[in-house]
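Have a look at the structure below before the remarks.
The values are calculated or read from the model by the stated rules, or taken from the named source; none is laboratory data. Only a predicted model underlies this, so the values are computations on that prediction, with no experimental measurement involved. For neighbour counting, all protein chains shown are included, and Cβ atoms are generated from backbone atoms with ideal geometry for every residue, glycine included. Side chains are part of the model used for accessible areas, which takes the heavy atoms of the whole protein and leaves out ligands, DNA and RNA. Shrake-Rupley method; radii C 1.70, N 1.55, O 1.52, S 1.80 Å.
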Amino acid sequence: MMRGARVAIALLAGLMLMGQRDAILVPEVSQSEVQVRQGFTGTELLLYGAILDPAGRRAGAQYDIVVVLKGPTEPIRMREKERIIGIWMNAESSDFRSAPSFFAVASSNEVSDIVDDRTAAIYELGTDFIQLSPSGVIDPEKQTRFSRGLVDQRERQGLYKQDMNGVTITEDVLYQARISLPSNVSTGKYTAETFAITDGRVIASAIADVEVKKVGFERFVEIASKQWSLIYGLVAVTLSIGMGVLAGRLFARN
């Protein structure tokens, strides 16, 4: 069944729910699966759906829409470099238990105009509100410094982003947002959560999933590195030495 048809059916089913007072969200994603092959240069996801008031009114005129796309979380250690005697060296560090590998926000208006900071922090409606979960006891000032450093680094890598005018609402019913996945995205399960907001309150939310996975030779290498790590390491070292010897001989001839 086509995705558009599923949206229409879900809308009709939603309207049949008696006693429903809040807006109904029906989210969809253009690709439920992203395949990473050799030469993968990234892709663009279309996150779309419908928002409808149970009373039959055009809901889009009353609500703002925010879409948050998050990749699988991972532990990470951030190190701070300091110049000592003219040499840049690793100084302080901070560990984060669950930093999202990818994070993107698109909204129909500036988030600061839609909700207060407390609500934005609860639902992670922006890169300033990502819940990074630092490990251990850490000074609040130091935590803020390292958190901003992590966000800044991943923004430069194209892994964290936000577009405060990235959601368009058509005919006060249909919404859509486009979010680009760069070539360096991590594999795993991604969640696209859509929020309908009015009067500073989140009154409806819905989730759609996207699976990013390696296929072909890249998939074989990933599996080999995890299941046969010793053999994989030996083969990698052998190939590296062999390539070095071959390059040395070629340059020697020249």
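Which order do peptides 26-37, 98-109 fall in by mean Cβ count within 10 Å, highest first?
On the way: 26-37: 16.7, 98-109: 22.0.
By packing density, highest mean first, the sequence is 98-109, 26-37.
What residues have an amide H closer than 5 Å to that of residue 214, excluding those fewer than 5 places away on the same chain, when H is modeled at 1.01 Å from N in the peptide plane?
Here the answer is 36, since their amide H atoms fall under 5 Å of that of residue 214.
So how do 171-177, 67-73 stack up, highest first, on mean other-Cβ count within 10 Å? Spell out each step's value before the answer.
On the way: 171-177: 17.7, 67-73: 21.7.
Taking the mean over residues of other Cβ atoms within 10 Å, the ranking is 67-73, 171-177.
Treating region 59-212 as a set of equal point scatterers at the Cα positions, no solvent, please give the Debye-formula log₁₀ I(q)/I(0) at q = 0.14 Å⁻¹.
-0.74
In terms of Cα to Cα distance under 24 Å, which lysines are near enough to residue 142, apart from those fewer than 8 places away along the same chain?
In chain and number order, the partners are 81, 161.
For residue 214, list the lysines whose Cα falls under 21 Å from its own Cα; do not include residues on the same chain fewer than 8 positions away.
Residue 214 reaches 70, 189, 226.
For residue 213, go through the aspartates and glutamates and keep the ones whose alpha-carbon is under 18 Å away, minus same-chain ones fewer than eight residues off.
33, 44, 74, 222
Using a 1.4 Å probe on the protein chains only, how many percent of the accessible area of region 68-210 belongs to carbon and sulfur?
Whole-percent figure for carbon plus sulfur exposure: 44.
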